[in-house]
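> Here it is, the structure, as structure tokens.
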Amino acid sequence: MNSETPVSTVRVRLVKSPNSTPARHRLCVKALGLKRMHQVVELKDSPSVRGLIEKVNYLVRVEG
């Protein structure tokens, strides 16, 4: 893969606390790299990341 090729990314923000959610959903939030409320992380857009986002779609917001 050429380093000049643009890699598509997705920005994810944690908008709701994962407290009182199933343990697997808390692990999904942790796998996305989110630790604090309103924290934004930029991740490489891939099917696995999209699957994690879909699993906890009520806790996160996708930006851009």
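Nothing in this text is a laboratory measurement; each read-out follows from the coordinates by a stated rule. Remember, it's a predicted structure, so these values are computed and weren't measured experimentally. So basically every Cβ, Gly included, is an ideal-geometry build from the backbone, and we count neighbours across all protein chains shown.
> Do any trypsin sites (Lys or Arg not before Pro) in the chain lie in a DSSP loop with no more than 15 other beta carbon atoms within 10 Å, and if so, which? It would help to have the intermediate numbers written out before the result.
Details: sites: R11, R13, K16, R24, R26, K30, K35, R36, K44, R50, K55, R61; in loops: K16, K35, R36.
Here the trypsin sites (Lys or Arg not before Pro) that fit, given the DSSP loop and packing criteria, are K16, K35, R36.
> Another question, if that's okay. Taking a ≥ b ≥ c as the square roots of the eigenvalues of the Cα gyration tensor of region 9-63, is the shape rounded (a/c under 1.5), prolate (a/b larger than b/c) or oblate?
oblate
> Pop a pseudo-label 7 angstrom from the Cα along the beta-carbon direction at both R50 and R36 and give the gap in nm to one decimal.
In this crude spin-label approximation the distance works out to 3.1 nm.
> In percent, how large is the relative contact order of the chain, given Cα pairs closer than 8 Å and 6 or more residues apart?
Values: 83 pairs, mean separation 31.0, N = 64.
The value is 48 percent.
> Same structure, new question: Which listed residue (Y58, S17, L43) has the Cα farthest towards the positive end of the charge dipole for the chain, taking +1 on Lys and Arg C-beta and -1 on Asp and Glu C-beta about the Cα centre?
Sorting the options by dipole projection puts first S17.
> Along region 32-38, what does the Karplus equation 6.51 cos²θ - 1.76 cosθ + 1.60 (θ = phi - 60°) give for ³J(HN,Hα), rounded to whole Hz, x for Gly and Pro?
Result, ordered by residue: 6, x, 9, 10, 10, 4, 6 Hz.
> Could you work out [θ]222 nm for the chain from helices alone, using -39500 (n - 2.57) per DSSP H run of at least four and dividing by all its residues? Round to the nearest 500 deg cm²/dmol.
Helices in the chain give a 222 nm mean residue ellipticity of -8000 deg cm²/dmol.
> Something else: What is the local net charge at V41, summed over the other residues whose Cβ is closer than 13 Å to its Cβ (Lys, Arg +1; Asp, Glu -1)?
+4
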